[in-house]
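Below you will find the structure I want to go over with you.
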Amino acid sequence: MAAEDTGRLSCGCKGIRSCLLCERSGLEPLAQFQRGKYHFTYHPTSGLAIGDDSSSLGGWAFPFPGVSLSDSFVNEEEETELVNLMDDDEWKSSQSGRKKQDYGPRVNFKKHKLKMGNFSGLPCFSHLLVNRMMQLPVLKNFLPVEQCNLDYRPERGSSIDPHFDDWWLWGERLVSVNLLSETILSMSCDSEDIIQLHHNEMVCNTPLYDPVTGNSESILNFHGDNIPVHCTANCSVKRTSVTGQKPVPYKDVEVAIHLPRRSLIALYGDARYKWKHGIYREDIKSRRICSTFRELSEEFSHGGNQDALGKELLDISMSFQGIPV
């Protein structure tokens, strides 16, 4: 089926979710998600979430590990070809004004059950993407067994609620390729625990070992005791005053990760398991396509309780002969 006729869009909302299409037909907006009281922006070069200048916490910062952002992961020509190939297949109506294409098994996450169904592998056009992903240190040995393409459009009021991806079947690294337009990935946390904020100028970046990449990368280091440190001229470390700290509840904080067009983002660690991620309606300015790739959890990997099933999934996935299910 060719690309959708935007003049005859259907609505796939159900439950507590709604989009502009069903709201214009008279349905009241159902899901009301409270935005964070304090707004921060993630800075890829430092690995810090820094308070927006317009907020009362401008200049305050905290480490935000578990994010890897790669600009220009695909070029303009590749983007055009990818989108054209996706538009050659049917986009099915989904929740909150989205359209979707799934390449993966049928899964009941609540009951922890899955069936192969009509899963025939990832699409042929993703072979290049997966090979390129594995060249990135953070995605070494990344073997996805599921791909979900999501189509967002402002005229539908497309969004996706803040959520965690499942971790029974899906593994640590979540990888998304952002096509056609830039957007903002909003990170939020429901915890009542406290974040210790620090003045951005009071700390430095110190190389720490990253368990995912196996490399040392520059991220903020408080030496596990929430006391900020800074480098002297000879790079020795000394403590600074605790008066430069400000406690803020996690639940009051929202972190914006800016996703450039044609970029790739990988979430892992705290960004995967501690912080929810979502896309708000107002952050979709024009058509956006997101292709998300997921790997197997330890339970379905070699040596896990269901490694035989995992191997079957992986063999099908890596055939790259799939059509949307």
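Quote the FRET efficiency, to the nearest 0.05, computed for GLU76 versus MET134 with a Förster distance R0 of 25 Å and r equal to the Cβ-Cβ distance.
Working: r = 23 Å, r/R0 = 0.91.
The pair GLU76/MET134 has a calculated efficiency of 0.65.
Kirkwood-based Rg over Rh for the stretch 60-205 (C-alpha set), two decimals? Present the calculation step by step, with values, prior to reporting the outcome.
Values: Rg = 18.0 Å, Rh = 18.3 Å.
Rounded to two decimals, Rg over Rh is 0.99.
Can I ask one more? Counting Lys and Arg as +1 and Asp and Glu as -1, what is the net charge of the other residues whose Cβ lies under 13 Å from the Cβ of LEU259?
Values: positive: ARG261, ARG262, LYS285, ARG288; negative: ASP71, GLU182, ASP283.
Every neighbour counted, the sum reads +1.
Continuing with this model, one more query. How much accessible area per residue does the stretch 17-169 have, counting only protein heavy atoms and a probe of 1.4 Å, in square angstrom?
Values: 7500 Å² over 153 residues.
I get 49 Å² per residue for this part.
Counting only other residues whose beta carbon sits under 12 Å from that of LEU197, what net charge do I get with K and R as +1, D and E as -1?
Details: positive: LYS246; negative: ASP252.
Once all neighbours under 12 Å are counted, the net charge is 0.
Work through the residues other than SER56 whose Cβ is under 12 Å from its Cβ and net out their charges, Lys, Arg +1 and Asp, Glu -1. Intermediate values should be presented prior to the final figure.
Details: positive: LYS37, LYS246; negative: ASP52, ASP53, ASP252.
Every neighbour counted, the sum reads -1.
Which whole-Hz ³J(HN,Hα) couplings does the stretch 173-180 yield from phi under the Karplus relation 6.51 cos²θ - 1.76 cosθ + 1.60, θ = phi - 60°, glycine and proline marked x?
8, 9, 10, 10, 10, 9, 10, 6
Using the Cα centre of the stretch 72-122 as the reference point, and only Cβ charges (+1 on K/R, -1 on D/E), how large is the resulting charge dipole? Debye, rounded to the nearest 20. Intermediate values should be presented prior to the final figure.
Numbers: 9 positive and 10 negative charges, 209 e Å.
Rounded to the nearest 20 debye, it is 1000 debye.
Quick one: dipole size for the stretch 34-181, taken about the Cα centre, charges +1 on Lys/Arg Cβ and -1 on Asp/Glu Cβ, in debye to the nearest 20. Provide the component values of the computation, followed by the final result.
On the way: 16 positive and 20 negative charges, 194 e Å.
The dipole magnitude comes to about 940 debye.
From the alpha carbon gyration tensor of the stretch 56-144, can you work out the equivalent ellipsoid semi-axes (sqrt of 5 times each eigenvalue) and give them in Å, largest to smallest? Could you put the intermediate results ahead of the total?
Values: eigenvalues 161, 93, 63 Å².
Semi-axes from the Cα gyration tensor: 28, 22, 18 Å.
Another question, if that's okay. Tell me which residues come under 5 Å, amide H to amide H, from ARG98 once H is placed; ignore anything under 5 positions away on its chain.
Distant-sequence amide H within range of ARG98: SER159.
Going by average Cβ neighbours within 10 Å, how do the peptides 41-47, 170-176 rank, with the highest at the top? Walk me through the intermediate numbers first.
Details: 41-47: 16.0, 170-176: 21.3.
Ranking the peptides 41-47, 170-176 by packing returns 170-176, 41-47.
Do you know the relative contact order of the stretch 18-106, to the nearest whole percent, from alpha carbon pairs under 8 angstrom that are 6+ apart? Don't skip to the answer; put the middle values down first.
Values: 74 pairs, mean separation 18.7, N = 89.
RCO, the stretch 18-106: 21 percent.
The values are calculated or read from the model by the stated rules, or taken from the named source; none is laboratory data. Remember, it's a predicted structure, so these values are computed and weren't measured experimentally. In this analysis, Cβ positions are derived from the backbone assuming ideal geometry, glycine residues included, and neighbour counts consider all displayed protein chains. These area figures cover heavy atoms from the full protein model, side chains too; ligands, DNA and RNA do not enter into them. Shrake-Rupley method; radii C 1.70, N 1.55, O 1.52, S 1.80 Å.
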